[in-house]
Amino acid sequence: MSSESLIGKGSPETMGKEPPSMMLDIMNLGVCYGVIPALHGLSLKVPEGSIVTLIGANGAGKSTLLRTISGLIAPHAGSILLEGREIGGAPAHQIVGRGLAHVPEGRLVFPDLTVKENLRMGAYLRRDRKEIAADLEWVGEFFPRLRERISQLAGTLSGGEQQMLAIGRALMSRPRCLLLDEPSLGIAPLLVETIFSRLVDLNRERGMTMLLVEQNASLALRVSDYAYVLETGRIHLEGPSAEIKNRPEIQAAYLGH
């Protein structure tokens, strides 16, 4: 994967003279598990066409945030705007229909369905059969391994192949915004590079907006435009990814320097 910096293309401060259009605008978000608060007045922005990353320790609330945005958890306070429209608390299928797809941690493919059947599940809201068939072909070109295993049961794929399938399934809904939760988790390094290279291609070539949660902070900061550091449910630090990567406390805590 190219190490060319993407910084500036999507960050709120450096996207040109015109204010960037916001794909996601989250304001004062609060989430609780029972009486236990998980997110506290959290605010962040994801400009259209950018890759924004969230880094933080396990239990910081990163996955909770993605699950709340995608409608799997209901917030108890605050606002979530997708292209200027409120989606906070909306059912997950409605949020998918508005152009947001979530690739969950652990991939969660349907193991007893084939690769093709899994991909078609991603298009469950669509009725345009010819376009669905065309998108199946495109996903197979985008991830050739899936095309090679199109009739294979998903449960027999490697971890990296299942991650490709989870991303491909999300793309079948034709999202404008993609949420990715730990896409490198449990995957061989060579396939991690392949997957992240394709994600960067999606962003550059198709303008796909992404909010990325990733345990590999070095990789996440390399491919993203802007970064937020989450600690115990609160934004601790934010800024262009290149600047965040060079901060001594981030290097010590997340980059092993």
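Coordinate-derived values only; no laboratory data. Remember, predicted model here, so these are calculated numbers, not experimental data. Backbone-built Cβ (ideal geometry, glycine too); neighbour counts: all protein chains shown.
Worth pointing out:
- The chain: Lys pairs at Cα distance under 21 angstrom, eight or more positions apart or on different chains: 8
- Among TYR124, TYR228, sorting on how many other beta-carbon atoms sit within 10 Å of each Cβ, with the fewest leading, yields TYR124, TYR228.
- Binning the C-alpha pair distances of the range 131-257 at 10 Å intervals from 0 yields a P(r) profile of 11, 40, 31, 14, 4 %, listed from the shortest bin outward.
- Dipole magnitude for the chain: computed about the Cα centre from +1 point charges on Lys and Arg Cβ and -1 point charges on Asp and Glu Cβ, it is near 540 debye.
- When shorter helices are ignored and each DSSP H run of at least 4 residues is given -39500 (n - 2.57), the per-residue value for the chain at 222 nm works out to -10000 deg cm²/dmol.
- Each eigenvalue of the Cα gyration tensor of the range 22-254, multiplied by 5 and square-rooted, gives one semi-axis; in descending order these are 28, 21, 16 Å.
- Dipole-positive endmost among ALA242, HIS40, LEU171 within the chain (Cβ charges, Cα centre): LEU171
- The dipole here belongs to the range 69-204: it is taken about the Cα centre, uses +1 on the Cβ of Lys and Arg and -1 on the Cβ of Asp and Glu, and is about 400 debye.
- Across the chain, the mean sequence separation of Cα contacts (distance under 8 Å, 6 or more residues apart), normalised by length, yields a relative contact order of 27 percent.
- The residues neighbouring LEU237, those whose beta-carbon lies less than 13 Å from its own, together hold a net charge of -1 under the Lys/Arg +1, Asp/Glu -1 convention.
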